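Working notes for the structure below.
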Amino acid sequence: MQRGETWQIFMLRVLLLRVLSLLAAAQLERSGASGNPDPSMYALWSTLATVMSTAYHQQTLDLLGQPFVPGHSHALADWANAHHVVVPASVREWYGLPNGQQILSRHSNGDHVYDPAMFQLHCEQTVPIIEFMLETQSCCRWGLWVDRSDDPPVVIQDLTQPSAWELCAERFTIFTYTQVFDWQYLLAEVAETRNEDQWSTLADPPGPAALAYLHEHYTPKPSTWTYPGMTVQRFSASEQRIIISTFGTKAADWALLGATETARWQLRHTMQHVWEQLGMWYEPFTEQ
């Protein structure tokens, strides 16, 4: 929703975009079946999407303090035209940003975020999957599950063994938001302290009591499955962020991050006290 816009107008634009998306998809299916795709459909859809942009990624941009400026990716439009794919609205919006690809590249573990011209098209259960990112050591890859929704799920595939695509984030907007949420404070801390392993520690996975505490004192943020079999839960309060990566019953990785040195160490002392009160095992942070 854009600033100053009523909820009714926002919903009307979303509904119109949805209708246009279905019409475009149907036209592409007909033209693709005839062997004569109509390039004008892509141009028309791109123009309408720009005019009626809904700022799907406003929350992510708010984290970055970056204004929303609608744009258009010619590379993405050309790729969609060549592959006869209707790219979902939230994806077009992201890659229409002047630095959408760069934001994902920076807020990652050095992963390879493709230029739209290099997207790869796969198919799973007759559903198109657009591969858009590869893990830094080629251990897994991420794709968009093109289910005709405007904000499609993001899926992930383990490349170290024969594996199917699995759910990573319920929506692409959640994926972009959590990438920035996870890496923003971490990158700032590493740049400030030059210590790349001080920001997280191992502790027991959060049980009912720990989760109750977190929900009472912090704001829950979207959960994702960032690597096959790994669940990531998130919480925040003011200048503090908690990111808990859990893999089965193994010790969880707790990243306790802050916008300032005071905020981060206050959070770490608080959580160590909570762990002790709840009888949870943990490895203490070492203040340096």
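The values are calculated or read from the model by the stated rules, or taken from the named source; none is laboratory data. As the structure is a computational prediction, the values presented were derived from the model and not from experiment. Using ideal geometry, Cβ is built from the backbone for each residue, glycine included, and neighbour counts are taken over all protein chains shown.
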Based on what the data block shows, is Asp182 surrounded by 13 or more Cβ atoms within 10 Å (Cβ to Cβ), within 26 Å of Trp281 (Cα to Cα) and touching a His at 6+ places or on another chain (Cβ under 8 Å)? yes
Residues of the stretch 148-171 being charged (D, E, K, R) and touching a residue at least 60 places away in the same chain (Cβ under 8 Å), in sequence order, are Arg148, Asp150, Asp151, Asp158, Glu166, Arg171
Residue satisfying condition, being modelled with pLDDT under 95 and over 30 Å from Ser163 (Cα atoms), within set Ala259, Ala210: Ala259
Considering only the stretch 196-222, how many residues are exposed (fewer than 15 other Cβ atoms within 10 Å of the Cβ) and of a type in the set (S, T, N, Q)? 1
Out of curiosity, is Tyr213 touching a Lys or Arg at 6+ places or on another chain (Cβ under 8 Å) and either touching a residue at least 40 places away in the same chain (Cβ under 8 Å) or farther than 30 Å from Arg264 by Cα (or both)? no
Answer yes or no: is there a residue in the stretch 93-108 that is at pLDDT 95 or above and either part of a strand (DSSP E or B) or more than 21 Å from Thr173 (Cβ to Cβ) (or both). no
Taking the stretch 113-147, which residues are in contact with a Ser or Thr (Cβ under 7 Å, 6 or more places away or on another chain) and either part of a loop (DSSP other than H, G, I, E, B) or crowded, with 20+ Cβ neighbours inside 10 Å (or both)? Pro116, Cys139
Considering only residues of the stretch 82-112 that are more than 17 Å from the chain's Cα centre (by Cα) and of a type in the set (A, V, I, L, M), which is surrounded by the most Cβ atoms within 10 Å (Cβ to Cβ)? Val86
Among the residues of the stretch 158-175, how many are at pLDDT 95 or above and crowded, with 20+ Cβ neighbours inside 10 Å? 6
Looking at (1) more than 21 Å from the chain's Cα centre (by Cα); (2) surrounded by fewer than 18 Cβ atoms within 10 Å (Cβ to Cβ); (3) in contact (Cβ under 8 Å) with a residue 60 or more places away in the chain, which is the only condition Phe285 fails? (2)
Is at least one residue of the stretch 70-78 part of a loop (DSSP other than H, G, I, E, B) and exposed (fewer than 13 other Cβ atoms within 10 Å of the Cβ)? no
His217 vs (1) under 15 Å from the mean Cα position of the chain (by Cα); (2) within 19 Å of Leu278 (Cβ to Cβ): all pass except (1)
Within the stretch 75-87, is there a residue that is of a type in the set (S, T, N, Q), on the phi < 0 side of the Ramachandran plot and modelled with pLDDT under 95? no
Looking at (1) under 30 Å from Ser149 (Cβ atoms); (2) at pLDDT below 95, find the lone condition where Arg234 falls short. (2)
For Trp275, state whether it is among the aromatic types (Phe, Trp, Tyr), at pLDDT 95 or above, more than 17 Å from Val180 (Cβ to Cβ) and not in a helix (DSSP H, G or I). no
